[in-house]
Structure formats: C-alpha cells, structure tokens
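S.K.: Can you read through this structure? Questions will come right after.
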Amino acid sequence: MKVIRVDDYEALSKKAYEFFIHTMNTTEQPVFGLATGSTPKGLYELLVDEYKQKKQVFEHIQTFNLDEYVGLAKDHPGSYYYYMYERFFNPLNLDQKQVNVPNGLTPNFDEECERYEQKIAEAGGIDLQFLGIGVNGHIGFNEPGTSFSSRTHIVELTKSTMEVNSRFFETKEEMPNKAITMGIKSIMGSKEIVLLVNGEHKAEALKQTIEGNVTEDFPASVLQKHPHVTVIADTDACKKLQAQ
Ligand code: F6R
C-alpha cells in the first residue's frame, strides 16, 4: 500500500481530485466507484467547480456507488441517492445512464444484488474506487466479520455505525438499520483503489488498516492484499502510524 500523507482535509481532497482527473483523462471509458459520507465531500466540490469553470467534461464517465440504506425513499435527504444527486450527479449534469446507486427500495433484494454485480461486470469493472473508512474498519457498509468473498449483499448495520451515522438524520429513529453494499470481493475487484482518511478519530482505524493483521474482523485490512491501493491521509489520521 502506498501512503500519501497530506497536511489537512483540503490537501486530501485536492490529491483525491488529482487521482480522479488522471483516471478520467487517461482511460477511454472510465468507471468510478464512489463513496458517500463526510470524507469525499471536498473531492466532489472540487470536481463540480472544475465542471462549472468548463475545464473538464464528464460525459464519458460511469459511476457505481458503494452502498445505500434499505427502505429510504430517493428524496429522503439521508439517502445516498439524494446525497449523490445533490452534490455530484445533478451539478455535473450526468445522465441517469451514467450513474448507478444500489436500490434500497427494491422488492427483491437478491435480484438487486445480482443485478448490481452484473452491471459492474458489464461496464468492464471499476477502474478507480474511492473509499472512506468507518472507525470500526468498515469499507462500504461491510461491517467487521463480513466475509472477504462477499459480493453485493444486504447488511445489518452495527450499533457503532448507526450511532456515528445518525448525525445525518434529524432523529435517531429515522436511521435505517440495514443497507445494501458492494461486498469485499466486489471492492477488491477494482483495478485501483484510493482510500481517504482524515481526522484523529480515524487514526486507530488507519493504523489497523496498514499495520494490523489481515482479518475479516477488520474489513479494511483486506486492502493490504490489493496490488494498487493508495491511502491519502492527513496528519491527524497518521498520528498512530509507526513510521512517523
Ligand atoms: C459510504 C461508505 C462508508 C463511509 C465510512 C466513513 O458510502 O461506504 O464506508 O466511507 O462510513 O464515513 P465518513 O466519511 O462520514 O467518516
């Protein structure tokens, strides 16, 4: 794993943005894997600025989001569908055909998981997957204990994740307890992965990801086994790494 240390969140977003632009401009039909949450907000803002200044075109890209809550309407501000359309897909004028978010409202979850995997395969796989990390080591919504051979599947969210993510909902009761997520094997199938980590609250998680044992008890540790992973981390997140 290559680790790029940066001073702060702004520098992290700028670096992530450079990876995005590089892949977009060097790949014929670039396919991006996207995350939601707080971490990639800066990346999306930079890309939208770029588009508004007419410096880049995005009409040849395809995107696949990692995950979605089960049971939230698309217009619910807590849904990842809403998050992506508000912050990224609408401002960039992306066509519906270019973007993919798992359907958390499907009447048939097995079918939806299968469909999502197939769609990724039909697109030729993901060229560049962006990831954030949960304090418990989750990537996507693959919580500790998830099999490394998992494909897109339904998960029960842990108490810790529900606690942390309830900040995106007006009341704790609104917070869903299930989600649909790309599996560990789906993520590991990406040609290249960029993991973004910022803040001291993620320092222990980053240490375990890079220096810990590779174990299903800490999902992000699987990234040690991927040949093309870059971690972009700020100074606060690197505080617990051995080589300072
Ligand atoms: C979101 C996702 C999650 C987040 C993780 C970190 O699509 O896949 O794994 O990346 O929960 O969230 P933030 O960035 O809010 O700390």
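S.K.: Select from region 56-116 those GluC sites (Glu not before Pro) which occupy a DSSP coil region and have at most 11 other Cβ atoms within 10 Å, ordered by residue number.
M.R.: Sites meeting the loop and neighbour criteria: Glu59.
S.K.: Kindly provide the trypsin sites (Lys or Arg not before Pro) of region 1-76 that DSSP labels as loop, not H, G, I, E or B, and whose Cβ sees at most 13 other Cβ atoms within 10 Å.
M.R.: Lys54, Lys55
S.K.: Now for a different question. In Å and whole numbers, how far do the C-alpha atoms of region 81-185 stretch along each principal axis, longest first?
M.R.: Taking the Cα atoms of region 81-185, the three principal extents are 35, 34, 29 Å.
S.K.: Let me ask you something else. Among Ala73, Asn93, Ile61, flag the residue with its Cα farthest along the positive direction of the charge dipole of the chain, charges on Cβ as +1 for Lys/Arg and -1 for Asp/Glu.
M.R.: Of the listed residues, the answer is Ile61.
S.K.: If we count every other residue with Cβ under 12 angstrom of Gln62's Cβ, Lys/Arg +1 and Asp/Glu -1, where does the sum land?
M.R.: Net of charged neighbours comes to -3.
S.K.: Within region 153-244, which GluC sites (Glu not before Pro) sit in a loop by DSSP and count at most 10 neighbouring Cβ atoms inside 10 Å? Don't jump to the answer; show the numbers that get you there.
M.R.: Working: sites: Glu156, Glu163, Glu170, Glu173, Glu174, Glu192, Glu200, Glu204, Glu211, Glu216; in loops: Glu170, Glu216.
Sparse-neighbourhood loop GluC sites (Glu not before Pro): Glu170.
S.K.: If we count every other residue with Cβ under 14 angstrom of Lys52's Cβ, Lys/Arg +1 and Asp/Glu -1, where does the sum land?
M.R.: Residues near Lys52 contribute 0 overall.
S.K.: What does the C-alpha gyration tensor say about the overall shape of the chain? Classify as rounded when a/c is under 1.5, otherwise prolate if a/b is larger than b/c, or oblate.
M.R.: rounded
S.K.: By how many nm would the segment from Gln224 to Ser166 grow when fully extended, if each residue of separation counts as 0.36 nm and the alpha-carbon distance is taken off?
M.R.: The Gln224-Ser166 span can extend by a further 17.9 nm.
S.K.: Over the chain, what relative contact order in percent results from Cα pairs under 8 Å that are six or more residues apart?
M.R.: 26 percent
No value in this document is a laboratory result; all are computed from the given coordinates. All values reported here derive from a predicted model rather than from experimental measurement. Glycine also receives a Cβ, built like all others from the backbone with ideal geometry; neighbour counts cover every protein chain displayed.
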